[in-house]
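**Q** First, the structure itself, so that you have it in front of you.
Rule-based calculations on the coordinates, nothing more; no lab input. Just so it is clear, the model here is predicted, and its values are computed rather than measured. Here the Cβ positions follow ideal geometry from the backbone for every residue, glycine too, while neighbour counts run over all protein chains shown.
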Amino acid sequence: MSPCSVLKPDLPRLGRLSYTTANKIIKGGNPSMIPMSLPSSKKQQVMPDLYPLRFKPIYKQYVWGGWKLATLLKRPIPHDEIFAESWELCDHGQDQSVVDGGPLSGATLHELVEKYGRRLLGNAGDRFPLLLKYLDATQDLSVQVHPDDAMAAGLDPPDLGKTEAWYIVAAVPGSVIYAGLRQGVDRETLALAIKRGKCEECLHYFEARQGDCVFIPAGTVHALGAGTLVAEIQQSSDTTFRLFDWNRLGTDGRPRELHVEQGLDAIDFARGPVSPIRHPVSCQDESVGLVRSKQFSLERHLLLGPKDLGGDGRFHILTVVDGSVSIEGEHSDKNLNCGQTVLLPAEIAAVRCVPCPDAVVLDAFVEAEPQPRAAVPQM
């Protein structure tokens, strides 16, 4: 047991794929970008009751990707093509998660937010605030930094800041995570190192281990190392400043664009090195808190038997990072397997998660005033 000078996304895009209900891979376009609306029967005054929601992944192909989404996470995608990211849950511009299963099948997450509001979000605001993705890095990602909310609001177009957390699902021996600057590195020192092509001399790093959690607040310099497969929970933002790209060339044979001045402005130089959050998985059923921040909280549940989750007036994003679980109340007869995700709307009662036979589940939510836990309906 992840103005014109703002980088979106990390590396040159090779293409975009979206998984359809017919298990057909469509190249050159993303069906989730097509404007969708709830079927007419769902526009009636009485909306369908909310339930645990699965969504169709949105696949992204960048040159640093690999094959682990297909081989380790068993995704039905071509094994002879590289895939870098799978966006499991998002409401960000044209990137829209689409419900897969049940009466709300075909609706986008944005439509659900507009139609259900607090019934879906609880007290988390009026937009879906988080984005969950899996990243498969076969090369080091660029050294980068994300702006905070205040800086991102002044961009054109404005966006949220980007605070994020990684959970290491798998890591090859010797792979590393770059998180934070070495003690004493200031703006002048880092700027000079970037200019000399020696940025790595300023970076704090550690060996990646399966089960590590790494919290990356906005303003923290970081890079995901080659050989890692991670689950990333983040604010719903896609704004990145690239500081250094390991002196490599892009697909056009030229050095890729950097955003050094914007990046230097975004860095919190007082933060220093970032260490991994390590809670070894025990042999007893347990839940541990990994991250607590104003942007989101992240917990890890080791399930050795049935456990009730949600039902506290907050939405919960559950994603399986080891093993398999069944979710009672789902409109699916299939288990939730490693790398798969379900959204528990705020208004529904707690759901019973049954491991098969055991599982590790991440649980992301936004801290708002909790409500009394609703009882699990007796079957």
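**Q** With the radius of gyration and the Kirkwood radius both derived from the Cα set of segment 91-136, what is their ratio Rg to Rh? Numbers along the way, then the final one.
**A** Numbers: Rg = 11.3 Å, Rh = 11.5 Å.
Reported Rg/Rh, Kirkwood definition of Rh: 0.98.
**Q** While we're looking at this one, here's another question. Compute the distance from the alpha-carbon center of segment 271-309 to that of segment 173-247, in whole Å.
**A** Using only Cα atoms, the two centres lie 22 Å from each other.
**Q** Counting other beta carbons within 10 Å of each Cβ, put 177, 348 in order, fewest first.
**A** 348, 177
**Q** On to the next question. Mind listing which GluC sites (Glu not before Pro) in segment 221-287 are in a DSSP loop and have 16 or fewer other Cβ atoms within 10 Å?
**A** Counting only loop positions with at most 16 other Cβ atoms within 10 Å, the GluC sites (Glu not before Pro) in segment 221-287 are 257.
**Q** Still on this structure, I have one more. For the residues 138, 220, what sequence is obtained by ranking on other C-beta atoms within 10 Å, fewest first?
**A** 138, 220
**Q** How many angstrom lie between the C-alpha centres of segment 94-122 and segment 68-92?
**A** So the separation of the two Cα centres works out to 22 Å.
**Q** When a/c is below 1.5 the answer is rounded, else prolate if a/b is larger than b/c, else oblate, so apply that to segment 286-365 with a ≥ b ≥ c taken from the square roots of the Cα gyration tensor eigenvalues.
**A** Numbers: a/c = 1.74, a/b = 1.23, b/c = 1.41.
Oblate is the answer for segment 286-365, as a/c is 1.5 or above yet b/c matches or exceeds a/b.
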